[in-house]
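Undergrad: Sharing a structure, written as structure tokens. Questions coming.
The values are calculated or read from the model by the stated rules, or taken from the named source; none is laboratory data. What you are looking at is a predicted structure, and each value in this text was computed from that prediction instead of being measured. As a convention, Cβ positions derive from the backbone with ideal geometry for all residues, glycine included, and neighbour counts pool all protein chains shown. Accessible surface areas use protein heavy atoms only, side chains included; no ligands, DNA or RNA. Shrake-Rupley method; radii C 1.70, N 1.55, O 1.52, S 1.80 Å.
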Amino acid sequence: MNEKQSLKRGIRYWIRLLGVGLIGGISFACIVIEIIYVIAITKPAPSIIGDTPQSSNGKEYQPVSLFNEREDIYLSGWYIPSENGAAIILLHGFGSNRLEMKSRADILVRHGYGVLLYDLRGHGESEGEERAFGWQDVEDVKIALEFLSKCEEVEPKRIGILGFSIGGQIAIRATAENEQIQAIIADDPGFVTVDDAPRPTSAKEKIMYLVSWIDGRSVSLWTGVPIPAGVPEKIREISPRPIMFIDTGQTEARVLVRYFYEIADEPKELWEIPETYHGGQLEARPLEYEEKMITFFDDSLLKK
């Protein structure tokens, strides 16, 4: 082997070594980033709610504590008794607290509905050592139903639920598993894991799908919480109880909500608000939101 060949071989060796090192470094960085993400996304998100407020028509919210005896955690919430025999459970989005649902609750109270809104486990003032994309929270909805079943002013067949974002996903699964819930509004609901979403088609979608798939498995591994049955597996169990979907102009959310809508059985309704963002539904169309929400629950719960 002459000097020139030896030099070429040496260069190729160092290029391969550098390539292996680069791939290894990128892989290690990705693992570290994923661990940091999972720790951040699963740790509790406490927040101070403040004094018990009044509703917009002057009625006082009553502080309530819901105890999940099976898992030994307390959930903090508010309740206003029903005047029409019907009550609605309201579930907020990921990383938020019950204040996010107060404006919707105030509207329902003005129309005579009882409202029960509480902080999801690991959120606000509720207990909970970790958050896991709402996977465990269906069990907490059962505790909310037990609370309402003890309220003399609430008729058993007149209980509904309204969930926003991850609260919408929880509400769908909770309604499928609890016949006490007679009507549901899923306001821009999220997924259990990305497996719930339509299969990706573009390169960008495939990358996002892979990242979300890894995130879901990582959260399950980190928390020890098994991934439950997804929305597409449960949503058909809601029928013949009515479900109303609300979606926004954000592309990913619209695709997901329309997919859920297509899978769901009748009776079902889809209301689209294309000009707004995830979470801006009530602000974008306050009067129409009130009219549609109240009409839906009136028809579903009061006209029986």
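Undergrad: What percent antiparallel are the DSSP beta bridges of segment 63-209, to the nearest 5?
TA: 40
Undergrad: Is it possible to state the helix-based mean residue ellipticity at 222 nm for the chain, with each DSSP H run of 4+ residues giving -39500 (n - 2.57), the sum divided by total residues, to the nearest 500 deg cm²/dmol? What is it?
TA: -13500 deg cm²/dmol, from helical runs alone.
Undergrad: Sticking with this structure for a sec: Need one word for segment 146-304: rounded, prolate or oblate. Basis is the Cα gyration tensor (sqrt eigenvalues a ≥ b ≥ c); a/c below 1.5 gives rounded, then a/b vs b/c decides.
TA: Oblate, since a/c reaches 1.5 and b/c is not below a/b.
Undergrad: Right, something else. State, to one decimal in nm, how far the label point of Ile207 lies from the label point of Glu275, with both points 7 Å from Cα in the Cβ direction.
TA: Inter-label distance under the simple model: 3.4 nm.
Undergrad: Let me ask something else. Loop only per DSSP, at most 16 neighbouring Cβ atoms within 10 Å: give me the trypsin sites (Lys or Arg not before Pro) in segment 111-185, ordered by residue number.
TA: Here the trypsin sites (Lys or Arg not before Pro) that fit, given the DSSP loop and packing criteria, are Lys150, Lys157.
Undergrad: How much length is gained if the chain between Arg254 and His111 is pulled fully straight, taking 0.36 nm per residue apart and subtracting their Cα-Cα distance, in nm to one decimal?
TA: That works out to 48.5 nm of additional length.
Undergrad: Ok, one more. Could you give me the radius of gyration and the Dmax of segment 162-255, taking only the C-alpha atoms into account and expressing both in angstrom?
TA: When restricted to Cα atoms, segment 162-255 yields Rg and Dmax of 14.1, 43 Å.
Undergrad: Also, quick follow-up: Normalised radius of gyration for the chain, please: alpha carbon Rg relative to 2.2 N^0.38 Å, two decimal places.
TA: Details: Rg = 23.5 Å, N = 304, 2.2 N^0.38 = 19.3 Å.
Its radius of gyration relative to the 2.2 N^0.38 Å reference: 1.22.
Undergrad: Kindly write out, for segment 203-209 in residue order, the coupling ³J(HN,Hα) from the Karplus curve 6.51 cos²θ - 1.76 cosθ + 1.60 (θ = phi - 60°), rounded to whole Hz, with x marking Gly and Pro.
TA: 3J(HN,Hα) across segment 203-209, in whole Hz: 4, 4, 5, 5, 5, 4, 4.
Undergrad: How far is it, in nm, from the label point at Lys59 to the one at Tyr74 when both lie 7 Å from their Cα along the line to the Cβ?
TA: A separation of 2.6 nm, rounded to one decimal place.
Undergrad: Kindly report, to the nearest 10 Å², the accessible surface of Val255 as traced by a 1.4 Å probe over protein heavy atoms only.
TA: 80
Undergrad: In a shell of Cβ-Cβ distance under 9 Å around Val257, excluding Val257 itself, what net charge do Lys and Arg (+1) and Asp and Glu (-1) give?
TA: -1
Undergrad: A further question on this structure: Using only the alpha-carbon atoms, how far is helix 138-149 inclined from the longest principal axis of the chain? Give it as 0 to 90 degrees, nearest 10.
TA: Tilt of helix 138-149: around 10 degrees.
Undergrad: Grab the other residues whose beta carbon is less than 11 angstrom from that of Glu290, score K and R as +1, D and E as -1, and report the net.
TA: Residues close to Glu290 contribute a combined charge of +1.
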